[in-house]
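What follows is calculated from the coordinates using simple rules that are stated; it is not laboratory data. All values derive from a computational prediction rather than experimental measurement. Don't worry about glycine lacking a Cβ; one is built from the backbone with ideal geometry, like all the others, and counts go over all protein chains shown.
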């Protein structure tokens with residue numbers, strides 16, 4: 001899939017695809033995203049914690065930022081709030097959609113949805129703090145006109161967010177790793193890590209996938225904007 005996505009990128013770069021070609025490019029874009037996450041997991045499993053969690057986080061962040069930036073660049077002033085809106089959407093989808101679906105499926109399968117309260121509470125506290133800092137606090141600041149941070153406040157928010165995320169990673173992977181294991185699971189129970197050769201191949205395919213995602217997102221950005229306007 002990463003190689004196919006790169007081929008699609010090479011064939012459509014600089015063009016304005018329409019119809020079936022646009023759909024094919026969209027399929028390769030989605031496939032490249034899924035392939036990137038898969039190969040990031042392989043690399044993460046090989047290098048172990050806490051580096052593994054950072055590999056996953058960086059891969060996902062590159063994908064998200066690439067999609068956001070390409071849409072903002074092509075959309076002009078009308079997309080100036082896209083980054084903020086995307087963060088809000090991600091919080092809502094995670095805390096309502098993913099968690100709700102997990103609870104529903106767990107209850108349907110086992111009768112009672114069992115989860116690790118310490119890990120869930122820690123993750124929820126981190127997300128709530130970051131959401132309040134980035135989405136709520138600008139409404140109450142007065143240094144800049146409107147619900148915006150000043151440059152100094154934005155720098156503080158960035159440092160505070162990175163520090164909070166770093167603390168969460170340490171808690172998740174080192175200090176209280178048992179909080180984030182499934183209920184009743186043994187910490188030593190896990191699949192055998194992949195070989196060095198497999199990890200190196202996955203690393204190369206991960207880079208290829210990320211390049212393809214960034215390029216194909218740029219190709220798809222204008223049609224996506226047109227579809228949103230039409231909707």
Per the helix-only calculation at 222 nm, which mean residue ellipticity applies to the chain, given -39500 (n - 2.57) for every DSSP H run of n ≥ 4 and division by its residues, nearest 500 deg cm²/dmol?
-23500 deg cm²/dmol
Given a Förster distance of 22 Å, the FRET efficiency implied by the Cβ-Cβ spacing of residue 165 and residue 38, rounded to the nearest 0.05, works out to 0.45
Relative packing of 94-101, 35-42, which averages over residues the other C-beta atoms within 10 Å, highest first
35-42, 94-101
Quick check on the exposure proxy: order 1, 92 from fewest to most C-beta atoms within 10 angstrom.
92, 1
Give me 140, 156, 180 sorted ascending by neighbouring Cβ count inside 10 Å, so fewest comes first.
140, 156, 180
A chain fully extended from residue 140 to residue 88 at 0.36 nm per residue, minus the present Cα-Cα distance, gains in nm 17.0 nm
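Can you tell me how region 88-213 classifies by the Cα gyration tensor, rounded, prolate or oblate, using a/c under 1.5 as the rounded cut?
Oblate shape, in that a/c is at least 1.5 and b/c is the bigger or equal ratio.
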What FRET efficiency, computed as 1/(1 + (r/R0)^6) with R0 = 35 Å and r the Cβ-Cβ distance, is obtained for residue 81 and residue 192, rounded to the nearest 0.05?
0.15
In the set (i) 177; (ii) 168; (iii) 115, which value of volume of the Cα convex hull per residue in Å³ was calculated from the structure you see?
(ii)
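Which whole-number percent gives the relative contact order of the chain, counting Cα pairs below 8 Å spaced six or more residues apart?
Reported as a whole number, the value is 44 percent.
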Cα gyration tensor shape for region 69-151, rounded if a/c is under 1.5, else prolate or oblate:
oblate
Cα-based shape type of region 1-92, given that a ≥ b ≥ c are square roots of the gyration tensor eigenvalues and the cut on a/c is 1.5:
oblate
Simple spin-label model, 7 Å along Cα-to-Cβ: residue 228 to residue 23 in nm?
2.4
